[in-house]
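No lab work stands behind these numbers, since they all come straight from the coordinates. As the structure is a computational prediction, the values presented were derived from the model and not from experiment. With ideal geometry, Cβ positions are generated from the backbone for all residues, glycine too; neighbour counts draw on all protein chains shown.
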Amino acid sequence: MSAEQRAKLLVEAMTLEEKLTLTTGYFGVQREWNEYQIAEARPQSAGVVRGVPRLAFPPQWQGDAGSGVATQGVAPPELERTLLPSGILTASTFNPALAERAGAMIGSEARSTGFNVMLAGGVNLLRDPGNGRNFEYGGEDPLLAGTMVGAIVRGIQSNHIVSTVKHYALNDQESGRGVVNVKVDEAAARMSDLLAFQLAIEQGDPGSVMCSYNRVNGDYACQNSWLLSTVLKQDWGFRGYVMTDWGAQHDTVKNANAGLDQETGLRRKGDYQFLDKLAAAIKSGQVAAARLDDMTYRIAYSLIAKGAVDEPVQPGKIDFAAHAKVTLADAEEGIVLLKNSGLLPLAASTKRVAVIGGHADVGVLTGGGSAQVYSPGGNAVPGLEPKDWPGPPVYARSSPLTALRGELPKTDFSWSSGSDLAAAAKAASAAEVAIVFVTQWTAEARDFPLTLPSDQDKLVEAVARANPRTIVVLETGGPVLMPWLERVAGAVEAWYPGSEGGSAIARVLSGTVNPSGHLPASFPRSLEQLPRPHIVGMGQRGEPAFDVSYDEGAAVGYRWYDKQKLEPLLPFGHGLSYTSFAQKDLAASLVAGELEVTFHVANTGSRAGKHVAQIFVAPSAGGWEAPKRLGAFAKLDLAAGGSGDGKVRVDPRLLAVYDSARHGFHVLAGDYTVTLATSARDPGTSVKVRLPERWLAAGAGAPVPQ
Ligand code: BGC
């Protein structure tokens, strides 16, 4: 029988109580603050939903998150898992096939840890660089974020488990996340944040979507019928189930009627909305019985369709050595070479290098909160503040310094922690090259200033003054300010590079790996360039409620800089290589009604390398929210002196404007400029193509406007 038939039969066979069981989830941690301690829960896990043994329907064991199997609270050695680089790094690879492989790896660890639901797929757009969770997401562009996150989700679910896509929607800041009301024009949302979700859902086909804590245009996301019923289920034809973010349920009747299918994260007795409260609402006629059947059906359907019922998860062995190679490959392709005055790659003949700061002697930084994975060996730098959740900051045990020594055995490396500026400067002046590691810990439930903490800018300035041959390696969760960029000889953005991050950094610096990461987000020159120089409600935890207006609409990231004619410090798409590439023969034409773009790329240097071709599109006469949008991208792997052809299709929604009145995407007839570039600031080369008028459905479940 099909998953649909089986799910239908299950719903028919279930008692009211059994249906209610499937729609309610509990926190999975074994701590005193968890007043439910459900026996079936996996140790220190995000959550559990009881099964229906009578019908052989398994419990749903829910584990975080998008970069590997996370633990709530410090993990004992048996819960240590392979940590992928942060989501923003995987997005920087511009390589969906690699992201899918990475997803398959962490999904297999979820399976081997006994989880059949992985709370992954974070795809909130980077509107505010200070958002504490940017590290978990896919950057500022809907096409890139949706494609890359969709690929991770596809990989996870190849293990016959469910993945979420989260946090739906417009949860683009953490300050006041439970009370903030995001005001956004609906059409603009459909062309920005919602488009990222739509693409990730189309490409990843997640079993579940997690609705977010915030309000959107007045209603909480988890009781927002426009978001859940109109857009997600109706327009996009989403057939899976919607679960709340942990504790994001507020009102039995509103939640149920708006389209929520499962509440999660219960930890205080009585603090729930479904169970007997939903039964009472059904009895009194406030919620239709058919709604509960639909909730149950959607949950059963997803678990069956993804294979979680037929192939039950079972805790088992993990091949850490094999998985280390996957996370290393991801890190190596997503580290971005930001600046290089010629010092990199480090010559094997370099006599003396001073390595300074960032705990580079022991490890690499990771992002905090529910996505926290403890990688093999645990925290390399215990005891850092904040001690309480979302802390403590965790360093994965992969030392860049040790790996550098391995890469350059003839070089003498000195180490200074960076806490003493004079000592750091002295070490730098005694060396041929100085490498300064700077870090910014970011985490869930908080937002962060864009200035590096603990006076690290001063450290960089002092080192660069002592030795202009200074390279800066950044480990940050998102864009930061770099007031010293002009005064250093090189800079590398390593994000949070995962459990093999130290090796990946060393291999990029030494040239064993030719960097090919590109920025999935613009770096501002100053706060004043941002649509919101400061996050509204910065630092606020709970009440009172407040509004944030996304007046920039769909002009997010580079679109905003373009529109405002601002020069960012580093543009979206930027990323250098140790070889050089030439792009040519750009052509654009309509093939079976779709815009197809072809081009040729040559590796004109003496090293093999991977090139990211970026296709930007724009109506020649203007009229969009911003001058241009990323329409497509492709990564080509080219041998030294080699060349290759690229061919991409532009999703027609990226050529359209959403029309709220007609309920669809509208491509206007006219000339369009197609640009082949290497970043959002590269003028590149352009061709024109004439497109006919076209209407497109709002999504797979909606009719094409006539
Ligand atoms: C986070 C989610 C996470 C959930 C379960 C929430 O605080 O926002 O991303 O999946 O907790 O840990």
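Things to note:
- Separation of the A582 and W415 label points, Cα + 7 Å toward Cβ, nm: 4.6
- Spin-label pair K351/A640, simplified geometry with 7 Å Cα→Cβ offset, distance in nm: 2.8
- Charge dipole (the chain, unit charges on Cβ, about Cα centre) - positive-most of T673, G383, A308: T673
- Highest average first, the peptides 130-137, 574-581, 528-535 ordered by how many other beta carbon atoms sit within 10 Å of their residues are 130-137, 574-581, 528-535.
- Cβ-Cβ distance of V704 and S225, R₀ of 22 Å, FRET efficiency by 1/(1 + (r/R0)^6): the value works out to about 0.40.
- For the stretch 91-165 versus the stretch 600-668, the gap between their alpha-carbon centres in whole angstrom: 22
- The stretch 492-564-the stretch 320-380 distance, computed between alpha-carbon centres (Å): 19
- Over 32 Å apart at the Cα level, from the set K233/K628; K306/K339; K254/K306, are K306/K339.
- Measure of compaction for the stretch 391-501 (Cα Rg per 2.2 N^0.38 Å): 1.08
- Among 618-628, 200-210, 585-595, the peptide with the highest mean count of other Cβ atoms within 10 Å heads the list, and the full ranking is 200-210, 618-628, 585-595.
- Ranked by the mean number of other Cβ atoms within 10 Å per residue, highest first, peptides 412-418, 53-59 order as 412-418, 53-59.
- Of the three principal axes defined by the Cα atoms of the chain, the extents in descending order read 78, 62, 48 Å.
- Ratio Rg/Rh, restricted to the stretch 281-366 and using Cα atoms, in which Rh is the Kirkwood radius: 1.33
- From phi via Karplus (6.51, -1.76, 1.60), per-residue ³J(HN,Hα) for the stretch 33-46 in Hz, x at Gly/Pro: 6, 8, 6, 9, 10, 6, 4, 6, 4, 6, x, 6, 9, 5
- Once the Cα-Cα distance is subtracted from the 0.36 nm per residue extended length, the E528 to D310 segment shows a gain of 73.0 nm.
- Over all distinct Cα-Cα pairs of the stretch 537-633, the Kirkwood formula returns a hydrodynamic radius of 17.1 Å.
- Residues whose placed amide H lies under 5 Å from that of S414, excluding near-sequence neighbours: V353, A354, V355
- Distance between modelled label sites at T685 and T598, nm, 7 Å Cα→Cβ extension: 1.4
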